[in-house]
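Asks: Handing you this structure, nothing more for now.
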Amino acid sequence: MIGALLLRESQTRFGRTRIGYLWALVEPISHVAVMSLVYWAINRQAPVGASVIMFFATGVLPFLLFHRMALQLGAAVRGSQKVLRLPFVAPIDILVARAILEGLTWVAVTTIVFTALVAMELAEPPDQPFVVAAAALATFGLGAGIGLVNATTMTLWASSVHTYRALTRPLYIFSAIFFSIDQVPSYLQYWLSWNPVLHAVLWFRAGFRADYASHVLDETYLLGWVVGSLFLGLCLLRVARTRLPYA
């Protein structure tokens, strides 16, 4: 069942041609390229380390993993009502299939991006691959947890899509994607550290280079968000199952 839904989700998102899959590369590359060009134009150095491109890539990619997971899972149930008419398909099946697709797509895109950067000598292989994998898994879990919450709220209240986007748009600025959190005044570090996505980015970066490690990073805080959001999301799906279409 999950395999069939995964194939359907893949064809729906990327189409039936290989060109559709190339668009998954466009978003992260465009983010990194634009900011790198800006830094080059104003003759600025990387906030940490020697490579501006590597610093930005290690910030953009984990952020997009969270962002895409939360939005795609949020729209999964509402966008699959025809499939949910089938008696053997439940909302959780749709959500699991879409989460797997988003995760596999991100792994493929990240592998391609960093392999290309290393080949062009614009980046270095990660110093601690297992740390990178742990951070990616935690970020995946955070995106899935928030996505489960969104799956209920965005299905029951369509306007919540706009509310969520408005509330989370500042995360792109406040998650240390384009700056070093250690160079920020301590009173701002305190407030920014409440953002779990910040810790996802810091943890992911720490696996690439030792000088990317930050004293602000709190893995336990991030994992608490992961467990809490997954639990809340599953509870909301359970409580609202009678109000969800075809649940």
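Asks: By counting other Cβ atoms within 10 Å of each Cβ, how are PHE231, PHE88, PHE208 ranked from fewest to most?
Replies: Ordered from fewest to most neighbouring Cβ atoms within 10 Å, PHE231, PHE88, PHE208 come out as PHE88, PHE231, PHE208.
Asks: Still on this structure, please answer the following. Against the 2.2 N^0.38 Å scaling, with N counting residues, where does region 117-221 land? I'd like the Cα-based Rg ratio to two decimal places.
Replies: Rounded to two decimals, the normalised Rg is 1.23.
Asks: Could you state the number of Å between the C-alpha centres of region 111-150 and region 175-225?
Replies: After rounding, the separation between the Cα centres reads 15 Å.
Asks: Would you mind telling me which residue in ALA108, ALA76, ALA138 has the biggest mean-square fluctuation in a Gaussian network model of the chain, where springs connect alpha carbons within a distance under 10 angstrom?
Replies: Top of the fluctuation ranking is ALA108.
Asks: While we're here: Hydropathy at least 1.6 by Kyte-Doolittle, axial extent at least 20 angstrom from the Cα trace: which helices of the chain, defined as entire DSSP H runs, fit?
Replies: Working: long enough: 19-41 (32 Å, 1.30); 52-74 (33 Å, 1.57); 91-119 (42 Å, 1.68); 129-156 (40 Å, 1.53); 219-239 (30 Å, 1.50).
Helices passing the filter in the chain: 91-119.
Asks: Could I get the Rg over Rh figure for region 2-239? Both from C-alpha atoms, Rh via Kirkwood, rounded to two places.
Replies: On the Cα set of region 2-239, Rg over Rh gives 0.98.
Asks: Output the relative contact order of the chain, whole-number percent, from Cα pairs under 8 angstrom with separation of 6+ residues.
Replies: 27 percent
Asks: Given the options ILE92, ILE173, ILE42, which has the most mean-square fluctuation in a GNM of the chain, springs set between C-alpha atoms less than 10 angstrom apart?
Replies: ILE42
Asks: Here is a follow-up. Can you tell me which of 183-193, 93-103, 45-55 comes out highest on packing, and rank the rest after it, using the mean Cβ neighbours within 10 Å?
Replies: Most protected by this proxy first, the peptides run 93-103, 45-55, 183-193.
Asks: Tally Lys and Arg at +1 and Asp and Glu at -1 over the other residues with C-beta under 13 Å from the C-beta of PHE63: what net charge comes out?
Replies: Numbers: positive: ARG68, ARG169, ARG205; negative: GLU27.
Summing Lys and Arg as +1 and Asp and Glu as -1 gives +2.
FYI, it's all coordinate maths here, none of it is from the lab. Quantities reported herein were computed from a predicted structural model and do not represent experimental measurements. Backbone-built Cβ (ideal geometry, glycine too); neighbour counts: all protein chains shown.
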